[in-house]
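The values are calculated or read from the model by the stated rules, or taken from the named source; none is laboratory data. Note that the structure is predicted; figures quoted are calculated from it, not measured. So basically every Cβ, Gly included, is an ideal-geometry build from the backbone, and we count neighbours across all protein chains shown.
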Amino acid sequence: MKHNFASIGKNCMISDKAVFYHPERIHIGDNVRIDDFCILSAGIGGIEIGSFIHIACYAYMVGAAKITLKDYSSFSGRCAIYSSTDDFSGAHLINPMVPSEYLGVRSAPVTLEKHAVVGTGATLMIGVTVGEGAAVGAMSFVKKSIPAFEIWAGQPAVKVADRKRGLLDLEKAHQLSLRRENDLSPHDRFVEAIREYP
Ligand SMILES: CC(C)(COP(=O)(O)OP(=O)(O)OC[C@H]1O[C@@H](n2cnc3c(N)ncnc32)[C@H](O)[C@@H]1OP(=O)(O)O)[C@@H](O)C(=O)NCCC(=O)NCCS
(Lines give C-alpha, C1' and ligand atoms only; values in the text may rest on other atoms or scores of the structure.)
Protein backbone atom coordinates (compact mmCIF):
# COMPACT_ATOMS: atom_id res chain seq x y z
CA MET A 1 0.00 0.00 0.00
CA LYS A 2 1.64 3.25 -1.09
CA HIS A 3 -0.36 5.44 1.31
CA ASN A 4 1.00 5.70 4.83
CA PHE A 5 -2.28 5.77 6.75
CA ALA A 6 -2.42 5.95 10.57
CA SER A 7 -4.35 2.69 10.33
CA ILE A 8 -6.21 0.67 7.73
CA GLY A 9 -8.29 -2.49 8.14
CA LYS A 10 -9.03 -5.51 5.99
CA ASN A 11 -10.54 -5.72 2.52
CA CYS A 12 -10.14 -2.06 1.56
CA MET A 13 -10.00 -0.82 -2.03
CA ILE A 14 -8.16 2.49 -2.18
CA SER A 15 -7.67 3.93 -5.66
CA ASP A 16 -4.12 4.80 -6.67
CA LYS A 17 -5.67 7.88 -8.28
CA ALA A 18 -7.05 9.18 -4.96
CA VAL A 19 -4.94 11.78 -3.14
CA PHE A 20 -4.36 11.90 0.63
CA TYR A 21 -2.78 14.84 2.45
CA HIS A 22 -1.45 13.93 5.91
CA PRO A 23 -2.33 10.23 5.59
CA GLU A 24 -0.74 9.75 9.02
CA ARG A 25 -3.86 11.47 10.42
CA ILE A 26 -6.29 9.21 8.52
CA HIS A 27 -7.78 6.06 10.08
CA ILE A 28 -9.66 3.61 7.84
CA GLY A 29 -11.68 0.60 9.04
CA ASP A 30 -12.53 -2.63 7.19
CA ASN A 31 -14.35 -2.97 3.85
CA VAL A 32 -13.85 0.60 2.69
CA ARG A 33 -13.72 1.70 -0.95
CA ILE A 34 -12.29 5.08 -1.99
CA ASP A 35 -12.61 5.78 -5.72
CA ASP A 36 -10.56 7.63 -8.32
CA PHE A 37 -9.91 11.37 -7.94
CA CYS A 38 -11.04 11.68 -4.32
CA ILE A 39 -9.04 14.20 -2.30
CA LEU A 40 -8.87 13.74 1.47
CA SER A 41 -6.90 16.46 3.22
CA ALA A 42 -6.66 15.69 6.93
CA GLY A 43 -6.25 18.65 9.28
CA ILE A 44 -5.06 18.53 12.85
CA GLY A 45 -8.32 16.78 13.91
CA GLY A 46 -7.75 13.97 11.42
CA ILE A 47 -10.17 11.90 9.37
CA GLU A 48 -11.75 8.75 10.78
CA ILE A 49 -13.50 6.35 8.42
CA GLY A 50 -15.36 3.36 9.86
CA SER A 51 -16.27 0.09 8.11
CA PHE A 52 -18.51 -0.80 5.14
CA ILE A 53 -18.13 2.63 3.62
CA HIS A 54 -17.96 3.87 0.03
CA ILE A 55 -16.46 7.25 -0.86
CA ALA A 56 -17.24 7.78 -4.54
CA CYS A 57 -15.19 9.50 -7.23
CA TYR A 58 -14.28 13.19 -6.93
CA ALA A 59 -15.27 13.36 -3.25
CA TYR A 60 -13.42 16.08 -1.36
CA MET A 61 -12.82 16.40 2.39
CA VAL A 62 -10.82 19.24 3.91
CA GLY A 63 -10.48 21.20 7.14
CA ALA A 64 -8.69 21.50 10.45
CA ALA A 65 -11.41 19.92 12.61
CA LYS A 66 -12.12 16.20 12.73
CA ILE A 67 -14.09 14.55 9.94
CA THR A 68 -15.79 11.28 10.86
CA LEU A 69 -17.65 8.78 8.67
CA LYS A 70 -19.23 6.04 10.76
CA ASP A 71 -20.03 2.46 9.71
CA TYR A 72 -22.31 1.88 6.70
CA SER A 73 -22.29 5.54 5.69
CA SER A 74 -21.86 6.56 2.04
CA PHE A 75 -20.49 9.65 0.36
CA SER A 76 -21.50 10.01 -3.30
CA GLY A 77 -19.49 11.36 -6.23
CA ARG A 78 -18.52 15.05 -6.23
CA CYS A 79 -19.61 15.62 -2.61
CA ALA A 80 -17.60 17.85 -0.31
CA ILE A 81 -17.01 18.25 3.42
CA TYR A 82 -15.51 21.44 4.86
CA SER A 83 -14.54 21.22 8.54
CA SER A 84 -12.96 24.70 8.20
CA THR A 85 -14.19 27.76 6.33
CA ASP A 86 -13.02 31.30 5.65
CA ASP A 87 -15.12 34.24 6.89
CA PHE A 88 -17.15 35.41 3.87
CA SER A 89 -18.70 38.42 5.74
CA GLY A 90 -16.05 40.85 4.54
CA ALA A 91 -14.59 41.30 8.04
CA HIS A 92 -11.48 39.31 7.12
CA LEU A 93 -9.16 38.55 4.27
CA ILE A 94 -9.58 35.15 2.66
CA ASN A 95 -7.43 32.25 1.51
CA PRO A 96 -4.42 30.39 2.85
CA MET A 97 -1.86 32.47 0.92
CA VAL A 98 -2.61 35.41 3.27
CA PRO A 99 -0.99 35.43 6.76
CA SER A 100 -3.30 33.88 9.36
CA GLU A 101 -3.62 37.07 11.49
CA TYR A 102 -5.70 38.61 8.67
CA LEU A 103 -8.02 35.60 8.37
CA GLY A 104 -11.22 34.65 10.21
CA VAL A 105 -11.15 30.91 9.61
CA ARG A 106 -13.64 28.90 11.69
CA SER A 107 -13.46 25.15 12.18
CA ALA A 108 -15.80 22.54 13.70
CA PRO A 109 -16.07 18.76 13.33
CA VAL A 110 -18.25 17.19 10.65
CA THR A 111 -19.74 13.74 11.23
CA LEU A 112 -21.72 11.22 9.21
CA GLU A 113 -23.38 8.94 11.75
CA LYS A 114 -24.06 5.27 10.97
CA HIS A 115 -26.10 4.65 7.80
CA ALA A 116 -26.01 8.31 6.80
CA VAL A 117 -25.93 8.81 3.03
CA VAL A 118 -24.99 11.94 1.09
CA GLY A 119 -26.35 12.34 -2.46
CA THR A 120 -24.20 13.37 -5.40
CA GLY A 121 -22.78 16.88 -5.47
CA ALA A 122 -23.86 17.81 -1.92
CA THR A 123 -21.71 19.99 0.34
CA LEU A 124 -21.53 19.69 4.14
CA MET A 125 -20.25 22.72 6.04
CA ILE A 126 -18.45 23.09 9.40
CA GLY A 127 -20.13 21.67 12.49
CA VAL A 128 -22.66 19.54 10.62
CA THR A 129 -23.68 16.11 11.88
CA VAL A 130 -25.76 14.00 9.52
CA GLY A 131 -27.67 11.92 12.07
CA GLU A 132 -27.90 8.13 12.13
CA GLY A 133 -29.75 6.87 9.08
CA ALA A 134 -30.31 10.38 7.70
CA ALA A 135 -30.04 11.18 3.97
CA VAL A 136 -28.91 14.31 2.10
CA GLY A 137 -30.40 14.97 -1.36
CA ALA A 138 -28.30 15.49 -4.47
CA MET A 139 -26.73 18.96 -4.89
CA SER A 140 -27.73 20.08 -1.38
CA PHE A 141 -25.94 22.69 0.71
CA VAL A 142 -26.02 21.61 4.36
CA LYS A 143 -25.30 24.16 7.09
CA LYS A 144 -27.38 22.68 9.94
CA SER A 145 -27.16 19.26 11.55
CA ILE A 146 -29.72 16.75 10.34
CA PRO A 147 -31.66 14.63 12.86
CA ALA A 148 -31.61 10.83 12.63
CA PHE A 149 -33.72 9.17 9.94
CA GLU A 150 -34.73 12.37 8.18
CA ILE A 151 -34.16 13.23 4.50
CA TRP A 152 -33.00 16.78 3.85
CA ALA A 153 -32.43 18.47 0.49
CA GLY A 154 -32.02 21.88 -1.18
CA GLN A 155 -29.87 25.01 -0.89
CA PRO A 156 -29.84 25.45 2.05
CA ALA A 157 -31.07 21.95 2.88
CA VAL A 158 -34.38 21.52 4.69
CA LYS A 159 -36.35 18.45 5.72
CA VAL A 160 -38.25 16.90 2.80
CA ALA A 161 -39.24 13.50 4.24
CA ASP A 162 -38.66 10.86 6.90
CA ARG A 163 -36.35 7.96 6.09
CA LYS A 164 -37.34 4.33 6.61
CA ARG A 165 -35.66 2.25 9.34
CA GLY A 166 -35.64 -1.12 7.53
CA LEU A 167 -31.88 -0.77 7.04
CA LEU A 168 -31.39 -1.42 10.78
CA ASP A 169 -32.79 -4.98 10.41
CA LEU A 170 -30.54 -5.52 7.39
CA GLU A 171 -27.52 -4.37 9.40
CA LYS A 172 -28.37 -6.95 12.12
CA ALA A 173 -28.67 -9.70 9.49
CA HIS A 174 -25.40 -8.65 7.88
CA GLN A 175 -23.53 -8.60 11.22
CA LEU A 176 -24.97 -12.01 12.10
CA SER A 177 -23.75 -13.47 8.81
CA LEU A 178 -20.28 -11.99 9.46
CA ARG A 179 -20.18 -13.55 12.94
CA ARG A 180 -21.27 -16.91 11.49
CA GLU A 181 -18.46 -16.71 8.91
CA ASN A 182 -15.90 -15.90 11.63
CA ASP A 183 -17.14 -18.81 13.80
CA LEU A 184 -16.66 -21.36 11.01
CA SER A 185 -13.77 -23.76 11.42
CA PRO A 186 -11.33 -23.97 8.47
CA HIS A 187 -13.05 -27.25 7.49
CA ASP A 188 -16.56 -25.69 7.59
CA ARG A 189 -15.28 -22.73 5.58
CA PHE A 190 -13.94 -25.13 2.95
CA VAL A 191 -17.32 -26.92 2.82
CA GLU A 192 -19.12 -23.55 2.46
CA ALA A 193 -16.73 -22.51 -0.32
CA ILE A 194 -17.16 -25.67 -2.41
CA ARG A 195 -20.95 -25.47 -1.98
CA GLU A 196 -20.72 -22.53 -4.44
CA TYR A 197 -19.59 -24.93 -7.18
CA PRO A 198 -21.90 -27.35 -9.01
C1 LIG B 1 -33.61 13.62 -1.58
C2 LIG B 1 -34.14 12.38 -2.30
C3 LIG B 1 -33.61 11.11 -1.59
C4 LIG B 1 -35.65 12.47 -2.11
O5 LIG B 1 -36.27 11.45 -2.86
P6 LIG B 1 -37.84 11.14 -2.62
O7 LIG B 1 -38.03 10.67 -1.21
O8 LIG B 1 -38.26 10.25 -3.73
O9 LIG B 1 -38.51 12.57 -2.64
P10 LIG B 1 -39.29 13.34 -3.82
O11 LIG B 1 -38.60 13.24 -5.14
O12 LIG B 1 -40.72 12.95 -3.71
O13 LIG B 1 -39.13 14.84 -3.32
C14 LIG B 1 -39.68 15.34 -2.12
C15 LIG B 1 -39.53 16.86 -2.15
O16 LIG B 1 -38.14 17.17 -2.02
C17 LIG B 1 -37.66 17.90 -3.16
N18 LIG B 1 -36.34 17.38 -3.51
C19 LIG B 1 -36.03 16.09 -3.77
N20 LIG B 1 -34.72 15.97 -4.02
C21 LIG B 1 -34.22 17.21 -3.94
C22 LIG B 1 -32.90 17.71 -4.11
N23 LIG B 1 -31.87 16.91 -4.37
N24 LIG B 1 -32.73 19.04 -3.94
C25 LIG B 1 -33.75 19.85 -3.66
N26 LIG B 1 -35.03 19.41 -3.47
C27 LIG B 1 -35.24 18.12 -3.61
C28 LIG B 1 -38.68 17.64 -4.24
O29 LIG B 1 -38.72 18.70 -5.16
C30 LIG B 1 -39.96 17.52 -3.45
O31 LIG B 1 -40.42 18.80 -3.10
P32 LIG B 1 -42.01 19.15 -3.11
O33 LIG B 1 -42.61 18.21 -2.07
O34 LIG B 1 -42.04 20.60 -2.72
O35 LIG B 1 -42.46 18.84 -4.49
C36 LIG B 1 -33.73 12.32 -3.81
O37 LIG B 1 -34.42 13.30 -4.55
C38 LIG B 1 -32.23 12.55 -4.01
O39 LIG B 1 -31.73 13.67 -4.11
N40 LIG B 1 -31.50 11.45 -4.06
C41 LIG B 1 -30.06 11.44 -4.24
C42 LIG B 1 -29.65 10.17 -4.97
C43 LIG B 1 -28.20 10.21 -5.40
O44 LIG B 1 -27.48 11.17 -5.24
N45 LIG B 1 -27.78 9.09 -5.98
C46 LIG B 1 -26.39 8.93 -6.48
C47 LIG B 1 -25.48 8.26 -5.53
S48 LIG B 1 -26.00 6.64 -5.00
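Restricting attention to the stretch 111-168, the residues that are of a type in the set (Val, Ile, Thr), within 13 Å of the chain's Cα centre (by Cα) and more than 11 Å from the ligand (Cβ to nearest atom) total 5.
Among the conditions (1) within 26 Å of His22 (Cβ to Cβ); (2) out of contact with any Gly (no Cβ under 9 Å at 6 or more places or on another chain), Ala56 misses just one, which is (2). Note on the stretch 41-79: residues that are among the aliphatic types (A, V, I, L, M) and under 10 Å from the mean Cα position of the chain (by Cα) total 9.
What strands (runs of 3 or more DSSP E) completely inside the stretch 85-198 contain at least 2 residues that are touching a helix residue (DSSP H, G or I) at 6+ places or on another chain (Cβ under 8 Å) and either of a type in the set (Ser, Thr, Tyr) or not assigned by TED's automatic domain parsing to the domain that holds Gly50 (or both)?
Details: elements: 110-112, 150-153, 158-162.
Fully inside the stretch 85-198 and qualifying: nothing.
When the stretch 40-53 is limited to residues that are touching a Gly at 6+ places or on another chain (Cβ under 8 Å) and aliphatic (A, V, I, L, M), the one that is surrounded by the most Cβ atoms within 10 Å (Cβ to Cβ) turns out to be Ile49.
Matching residues to (1) within 22 Å of Ala42 (Cα to Cα); (2) in contact with a Phe, Trp or Tyr (Cβ under 7 Å, 6 or more places away or on another chain):
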| position | (1), (2) |
| --- | --- |
| Pro109 | yes, no |
| His115 | no, yes |
| Ala122 | yes, no |
| Phe141 | yes, no |
| Ser145 | yes, no |
| Asp162 | no, yes |
| Glu171 | no, yes |
| Leu176 | no, no |
| Glu181 | no, no |
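Selection of the stretch 96-128 for residues being crowded, with 20+ Cβ neighbours inside 10 Å and of a type in the set (Ser, Thr, Tyr) yields Thr111, Thr123. Looking at (1) in contact with a strand residue (DSSP E or B) (Cβ under 8 Å, 6 or more places away or on another chain); (2) more than 16 Å from the ligand (Cβ to nearest atom), find the lone condition where Ser185 falls short. It is condition (1) that Ser185 fails.
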